[in-house]
Structures are given as C-alpha cells and as structure tokens.
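Student: Right, I'll just put the structure down here and ask away after.
The values are calculated or read from the model by the stated rules, or taken from the named source; none is laboratory data. All figures in this text were calculated on a predicted structure; none of them were measured in a lab. Here Cβ is always computed from backbone atoms with ideal geometry, including for glycine, and neighbour counts include all displayed protein chains.
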Amino acid sequence: MSTQTILGATGQIAVELARELGRTTTDELRLVSRDPRTVNDDDVLARADLLDAEQTRAAVAGSEIVYFTAGLPAKSSLWEARFPTMLRHALDASRAAGARFAYFDNTYMYPQDDRVQTEDTAFAPVGRKGRVRAEMATMVLEEMDRGDIPVLIARAPEFYGPGRTQGFTNALVIDRMKSGRRALVPVRADRRRTLIWTPDASRGLAALGTAPDAYGQTWHLPVDTDHPTYRQFVTMAATELRTDAEYTVVPTWALRAAGTVSPQAREIRELLPRYAHDNVFDATKFRDRFSDFEVTTFREGLRIIGEETHPERPRG
C-alpha cells in the first residue's frame, strides 16, 4: 500500500486535506506533527519536530507523496527562525525517500497592488513575513528545477471558511457578525477581494497531489470567480447569518496605530497595502485542468457558516 504523508498535520488545511484523501484514496495516510491526532479512523500517526532533520527524515521514510502544510503563529521573528529550516528538512527528507512533494503556499510574496495575480506573477514581498515566504517559495522552485523528485506548489489567497478558520476576513467580518457585532472592514470597502473557502483549498491540494501531471509546476488553488467587494461580501454575509449588514471601515492609519499596542495588529501591518487595491487571484489554470472540480461559491460558503452558527433556526 502506498503512503501519503502530511507534514504539519494539525492545522485546518491539513485536517481537511486528510479528510479529502480519506474519502478519495485507499492509500495509507500518515499524519505528522509534534502532537498528531487522527482525522480518519485508520490514519497512522507519527510524532516529529520539523526543526529536527532526523525526526523529519524518519517521519517521511517510505512515503510516495509528501504534503507540506505546516503553519506557525503570525510572528515575523518566529517565521524567520523556523520556517525555512522546517521546509529544508522536509525537502531533504522527501528527496531521501524519493517522494513527490506538494508545497502548500500563500500569496504574501506577491506585489500588493491591483495587478491580476497569476502563477507567473513575479515576487515583490513587502515586510518580513513576505520575504520569508518568498525565500521558501524560491527554495521549492529550486528543488523543482533540480529535478531529483517531482515537486509542485499549490498557492492560496486569503482564507475564509467554517469552524476555526483563521484569516482577517473571518476575524474582522464573519466572526464579529456571527456574534451580533458590526463588521470591521480593513482600509477600503469598495475594492474587489479574492478569498478561498478553506475546504476548497484542501480539496484542491489533494487533487493536485494525486495528479502526476501536476508536478513540476506552480498552481493557483480554485476560488469563486465573483471577487466581491467587502461591501458586497458583508451584504451577502448578513443575509446568510441573519444579521444587519453594518460595517465600519478601519483606515490604514488606525490599523497601524493599533500595532503599537497590539502584537496581533502589529504582525498584519505589512499586508495593509493589499487592502487599498483590487485583489484578483486568477485560478484559470486549475479550472482548465480540473474542470469537474466544484468550487464553493461565496453564497454557498456563507450559507454553511450561517447554518453552523444557527443550527436551531431552520430556513424558510
């Protein structure tokens, strides 16, 4: 039996990935983290610290496919100190195992302006976390060019989604509206946004990882092509969450000022320029290759969140 291994297996993307692979493959699933937990009944758990090269190598040994989905808290010093090392150990271990390597990435390294983002968009990172992600993506591209093992990059824009989805839109808009508070919109309400439904990101990663012809390439993961403004998004959310469509636009200066007293706000300041512009992430390449993949629309996603929030209140 083949083995597919998920590194960083306790995060939301990894958990949804394990669920999807459990539904769609008969392979053994090995979940690797410092404190792994089963997702499917027959998962194999492996404890490893990705900062330790030998532990990582042992956890990956015998794998056919390795997914790197590891995450860290949004703290620049932590990213700089740990992320590149974790990725290097994962690549080295995958090469030693002769495994295919699927790297789950974000868009922090992209320019923070209004140009449409494609797989060919040149890196222009702003801030420390953006530079770390550019370094990591470059490391994976170099491994891809080396050609010793099959490698792919699966890149996702900002998350929104059910459960404990972590992202600015969930924190500032959805979670506040769920609790009856006014949504907070960063910088502008009239600029188009691209958001990815977290289960779609994981399903897309599974589709790529199990498609041999997807390797040797960078892919944008599937998104709804609607790209609503925050004003439109709040209106949709209000309908599905059954609350008021009220919001406050928080200007850049206020968000920067908040960073002087809030470590969490300080860590997101480098991303603020992107909220002043349209943010359009193009996933045409994925849609063309996986034409039967069903993307969750914004209304569908928000409806799921609404039903999760108010299970006792049937519709209609």
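Student: Look through ARG88, ARG115, ARG131 and report the one residue that is touching a residue at least 24 places away in the same chain (Cβ under 8 Å) and farther than 19 Å from ARG30 by Cβ.
Tutor: Values: ARG115 fails: touching a residue at least 24 places away in the same chain (Cβ under 8 Å); ARG131 fails: touching a residue at least 24 places away in the same chain (Cβ under 8 Å).
None of the others qualify; the one that does is ARG88.
Student: Here is a follow-up. Looking for whichever is at pLDDT 95 or above and touching a Pro at 6+ places or on another chain (Cβ under 6 Å) here; the options are TYR215, TYR230. Which one fits? Spell out the reasoning first.
Tutor: On the way: TYR230 fails: touching a Pro at 6+ places or on another chain (Cβ under 6 Å).
Selected residue: TYR215, the only one of TYR215, TYR230 that is at pLDDT 95 or above and touching a Pro at 6+ places or on another chain (Cβ under 6 Å).
Student: May I ask you to verify whether ALA214 is closer than 15 Å to GLY301 by Cβ and surrounded by 15 or more Cβ atoms within 10 Å (Cβ to Cβ)?
Tutor: Working: closer than 15 Å to GLY301 by Cβ: no; surrounded by 15 or more Cβ atoms within 10 Å (Cβ to Cβ): yes.
No; evaluated as a whole, the condition is false for this residue.
Let's see how each residue does on (1) under 17 Å from the mean Cα position of the chain (by Cα); (2) loosely packed, with under 15 Cβ neighbours inside 10 Å; (3) within 20 Å of ALA93 (Cα to Cα); (4) at pLDDT 95 or above:
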| residue | (1), (2), (3), (4) |
| --- | --- |
| THR3 | no, no, yes, yes |
| GLU28 | no, no, yes, yes |
| VAL39 | no, no, no, yes |
| VAL44 | no, yes, yes, yes |
| LEU50 | no, no, yes, yes |
| THR56 | no, no, yes, yes |
| GLY62 | no, yes, yes, yes |
| PHE68 | yes, no, yes, yes |
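Student: Can you pull out every residue in segment 184-243 that is within 28 Å of GLN4 (Cβ to Cβ) and aliphatic (A, V, I, L, M)? Can you show your working first?
Tutor: Here is the first cut: in segment 184-243, the residues within 28 Å of GLN4 (Cβ to Cβ) are 195-224.
Residues satisfying the conditions are LEU195, ILE196, ALA201, LEU205, ALA206, ALA207, LEU208, ALA211, ALA214, LEU221, VAL223.
Student: Across segment 110-169, what is the number of residues that are in a loop (DSSP other than H, G, I, E, B), among the β-branched types (Val, Ile, Thr), within 27 Å of THR296 (Cβ to Cβ) and at pLDDT below 95? Don't jump to the end; show me each part of the working.
Tutor: Going residue by residue through segment 110-169, those that are in a loop (DSSP other than H, G, I, E, B) are 110-116, 118-127, 147-150, 156-157, 161-167.
With among the β-branched types (Val, Ile, Thr) added as a condition, the list becomes 116, 118, 121, 126, 149, 165.
Next cut, within 27 Å of THR296 (Cβ to Cβ) only: 116, 118, 121, 165.
Now restrict to residues that are at pLDDT below 95: 165.
Going through segment 110-169 one residue at a time, the tally reaches 1.
Student: Which condition breaks for ALA245 when tested against (1) closer than 27 Å to ALA124 by Cα; (2) touching a Ser or Thr at 6+ places or on another chain (Cβ under 6 Å); (3) at pLDDT below 95?
Tutor: Tallying (1) closer than 27 Å to ALA124 by Cα; (2) touching a Ser or Thr at 6+ places or on another chain (Cβ under 6 Å); (3) at pLDDT below 95, ALA245 fails exactly one: (1).
Student: How many of the residues making up segment 171-187 are of a type in the set (Gly, Ala, Ser) and either surrounded by 15 or more Cβ atoms within 10 Å (Cβ to Cβ) or part of a helix (DSSP H, G or I) (or both)?
Tutor: Filtering segment 171-187 for residues of a type in the set (Gly, Ala, Ser) gives 171, 179-180, 183.
Filter once more, keeping what is either surrounded by 15 or more Cβ atoms within 10 Å (Cβ to Cβ) or part of a helix (DSSP H, G or I) (or both): 171, 183.
Number satisfying all stated conditions: 2.
Student: So, one more: Identify the single condition in (1) touching a helix residue (DSSP H, G or I) at 6+ places or on another chain (Cβ under 8 Å); (2) farther than 20 Å from GLU64 by Cα that PRO150 does not satisfy, given that it satisfies every other one.
Tutor: Here PRO150 clears every test but (2).
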